[in-house]
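The values are calculated or read from the model by the stated rules, or taken from the named source; none is laboratory data. Treat the numbers as computed from the prediction; the structure is a model and nothing was measured. Here Cβ is always computed from backbone atoms with ideal geometry, including for glycine, and neighbour counts include all displayed protein chains. Quick note on the areas: whole protein, heavy atoms, side chains included, nothing else; ligands and nucleic acids left out. Shrake-Rupley method; radii C 1.70, N 1.55, O 1.52, S 1.80 Å.
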Amino acid sequence: MRTLWWKIMALALVLAASITALRTPLAPAIVYASGGPFAPGGNSASVIGYRTHFMAAPVRVFLENGGQFVEASSTVVADDTHLTARFEVPVGLREDMSDLVVVAPGHGAMRLFAAFYNPEKGTGAVDGVTDAPQQGERAGFVFPNRNILYETIRNLNFHVPMWFTMMLLQTISFVFSIKVLGSGRWLDDRAAVQAVNASLLFAILGLITGSIWARATWSGWWTSDAKLNGAAVTVLIYLAYLVLRGSVTDLAKRARLAAIYNIFAYVLMLLFIMALPRMTASLHPGSGGNPAFSQYDLDDSLRPVFYAAVLGWMGIGTWIFNLQYRLARIENRHDEERLR
Amino acid sequence: MMRNGSARLLLLLALLPAWTAAHAQGEPDWLVDTLYGSGKINTVITVVSVILLGIGLWLFRLDRRIARMEKRTK
Amino acid sequence: MRSEVLQLLRLEVALDLRQRAAWGGMLLYVVSAMYVCHLAVSDSLSRSTWNAIFWIILLFAAFNALARSFQREDQGRQLYLYTMAHPRSVVLARALYGSITMLALSLLSLLFYLLFLGSDPMGDASMGPFVASVALGGVGFAAVLTLISAIAARAGNGIGLMAILGFPIVLPMLLAVMRASQLALDGSGWSGTGYYFLAIGALDVVTLTLAWLLFPYLWRD
């Protein structure tokens, strides 16, 4: 464990992933549209984009309602991020809510979901609808852009690796706890508790960063959510583990009791985390009916960066555990010598 | 002791620009200020700072433990 | 092995019959908790609140009941027991006996709960799944808390440590039974609640297996 290469690897991965995560531009997107409700007839809407270049290219603006497209009759571009569009809304659109779709060369098709309310529902419009617009290519390596996430999508590469690292360290602790029961060596017990300590550092970081992110996107520091409940239970379990250790003075007994509790708790925690998403709703992507990040990320630009960040942070976590463990070992040897 | 104190000071100095930048926009609501402003990039900055701070605090703890160990072995 | 478990089970029953006051104490705890709720709640409860209060009371009752499982006997008798019988038989017997206790306690609690807080929220409940979830919940708490009770007793620390160790671990079970009973209260039948019963059963099997595997290490000195 004192070899250097994997530490350098971990640092390089975290560095590369962090720089990419902070430097990669966001895809242009429509973030806001005012106007409506759109009753049949003439209606205008003002549209705000983020990182868009409306001035540079011809922009086409559409409404989509139940698969039917309505193109704007006139579009006035104010600047790169602001435009107003006027629609002749036909009679008989199918759905309550219409999406706004803006197509521009180099931007791809930018969509704002459920942008306008359509008060008079029908069975489908006959006149005034057009074909689906060509999607168009999106230029360059960009991150996906969602109207509540904006730049915070970059947090994916900082917040989520904390949880992966925590899980890895807890798995390490679990393995050492099994070894404690087999061998009864105090060294394995030291390793188990230091892995738990390190995992709690990452759990706390994950909780705080998640809380900040949640406040900025879901406007609550804490929401009732499957992933959050899982995280809370995990932290409680390992705090209880430390309390248990604190309340036993006999070293051999402490090692065994702590190992038994750790094994029991770890397995139940895994089951809990696997079963939770089916039991509670979640705001997180990929669970509770929400699309996973990869699903609305068309060109998978997030994926390699994310995996690099996860691997790198796992390495850093292991390194932290390794340092704590080695120090604990020295402390313990010292104590033993003094007792002799 | 001296080394510890100066390291802490350095950390504070390093954080100062981030703090002032977050408060420079003059919006009344501190949340708009810190988390929502300019495409919510400040949220990302806060998150990254929290992680660095957390690792830093952990380093301080380890530093203290090693110092204690050094004193004992002397 | 099986006869040993049965013998130990008989021993448990005999011991418990000798301490009838403990049973009375448990029931009194449940009844007083429910009476306090009856006094505290003046309006009629919504279904989910009714459900939640019931499970919270039952959870605490389970902690009370299961804490006794290993803490009622002194070290000497424990040592005697473990020289006479295999520790795995002991933990299985204890878990079994705890389950029987909790089964009775949870069904009795339900009766008292209906008495004190009214049965209005059960208006369009499907009774089969609801009673099953209450019964299985009690059994599940017993399965999870038996090993925890043993650990807490071994650590020489009373019910306080057991609560700290037990709460996060019992949460999956609590969540599953609460969902199942809530769904049953809302009127969905066996097909709607089936997944939760499956989850509860799986949790029971896993916890009992773990207890069976780990318990011998608890008593090795």
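Would you check if there is a residue in the stretch A:154-168 being touching a helix residue (DSSP H, G or I) at 6+ places or on another chain (Cβ under 7 Å), assigned to a helix (DSSP H, G or I), assigned by TED's automatic domain parsing to the domain that holds A:Ala275 and over 18 Å from A:Gly315 (Cα atoms)? Scanning the stretch A:154-168 turns up at least one residue that is touching a helix residue (DSSP H, G or I) at 6+ places or on another chain (Cβ under 7 Å), assigned to a helix (DSSP H, G or I), assigned by TED's automatic domain parsing to the domain that holds A:Ala275 and over 18 Å from A:Gly315 (Cα atoms). The set of residues in the stretch C:156-165 that are surrounded by 24 or more Cβ atoms within 10 Å (Cβ to Cβ) and modelled with pLDDT under 90 contains only C:Met162. Annotation note: of C:Tyr82, C:Tyr29, C:Tyr35, the sole residue that is modelled with pLDDT under 85 and among the hydroxyl-bearing types (Ser, Thr, Tyr) is C:Tyr82.
Restricting the stretch A:215-231 to residues that are assigned to a helix (DSSP H, G or I) and touching a residue at least 12 places away in the same chain (Cβ under 8 Å) leaves a set whose member that is nearest to the other protein chains (Cβ to nearest Cβ) is A:Ala216.
Within the stretch A:1-37, restricting attention to residues that are among the charged types (D, E, K, R) and at pLDDT below 85, the residue that is least open to solvent (accessible area, probe 1.4 Å) is A:Arg2.
Of the strands (runs of 3 or more DSSP E) lying entirely inside the stretch A:49-127, those containing at least 3 residues that are surrounded by 19 or more Cβ atoms within 10 Å (Cβ to Cβ) are A:60-65, A:68-71, A:82-89, A:97-104, A:108-117. The numbered conditions (1) at pLDDT 50 or above; (2) within 7 Å of another protein chain (Cβ to nearest Cβ); (3) open to solvent by less than 20 Å² (accessible area, probe 1.4 Å) are all true for B:Gly37 except (2). Going residue by residue through the stretch C:122-142, is there one that turns out to be within 9 Å of chain A (Cβ to nearest Cβ) and open to solvent by less than 30 Å² (accessible area, probe 1.4 Å)? No, the stretch C:122-142 contains no residue that is within 9 Å of chain A (Cβ to nearest Cβ) and open to solvent by less than 30 Å² (accessible area, probe 1.4 Å).
Can we say A:Asn262 is at pLDDT below 85 and polar (S, T, N, Q)? Criteria not met by A:Asn262. Only one of the numbered conditions (1) closer than 28 Å to C:Tyr195 by Cα; (2) open to solvent by 70 Å² or more (accessible area, probe 1.4 Å) is not met by C:Asp43, and that is (1).
What residue, of C:Gly156, C:Gly160, is within 27 Å of A:Ala255 (Cβ to Cβ), without any contact (Cβ under 8 Å) to a residue 24 or more places away in the chain and assigned to a loop (DSSP other than H, G, I, E, B)? Show your work before the answer.
Working: C:Gly160 fails: assigned to a loop (DSSP other than H, G, I, E, B).
Testing whether each residue is within 27 Å of A:Ala255 (Cβ to Cβ), without any contact (Cβ under 8 Å) to a residue 24 or more places away in the chain and assigned to a loop (DSSP other than H, G, I, E, B) leaves just C:Gly156.
Given the criteria within 22 Å of A:Leu181 (Cβ to Cβ), of a type in the set (Val, Ile, Thr) and under 17 Å from the mean Cα position of the chain (by Cα), does C:Ile200 qualify? So C:Ile200 does not fit the description; no.
Looking at C:Phe167, C:Phe116, C:Phe130, which one is in contact with a Cys (Cβ under 9 Å, 6 or more places away or on another chain) and in a helix (DSSP H, G or I)? Walk me through how you get there before you give the answer.
Working: C:Phe167 fails: in contact with a Cys (Cβ under 9 Å, 6 or more places away or on another chain); C:Phe130 fails: in contact with a Cys (Cβ under 9 Å, 6 or more places away or on another chain).
Every option except C:Phe116 fails the conditions.
For residues that are without any contact (Cβ under 8 Å) to a residue 12 or more places away in the chain and facing another protein chain (nearest Cβ under 8 Å), scanning just the stretch A:240-266, find the one that is farthest from C:Leu174 (Cα to Cα). Ranking the qualifying residues of the stretch A:240-266, first place goes to A:Lys253.
Counting the residues of the stretch A:42-55 that are farther than 14 Å from A:Leu112 by Cβ and without any contact (Cβ under 8 Å) to a residue 40 or more places away in the chain gives 1. Among residues that are open to solvent by 20 Å² or more (accessible area, probe 1.4 Å) and within 14 Å of chain C (Cβ to nearest Cβ), A:Asn197 is not included.
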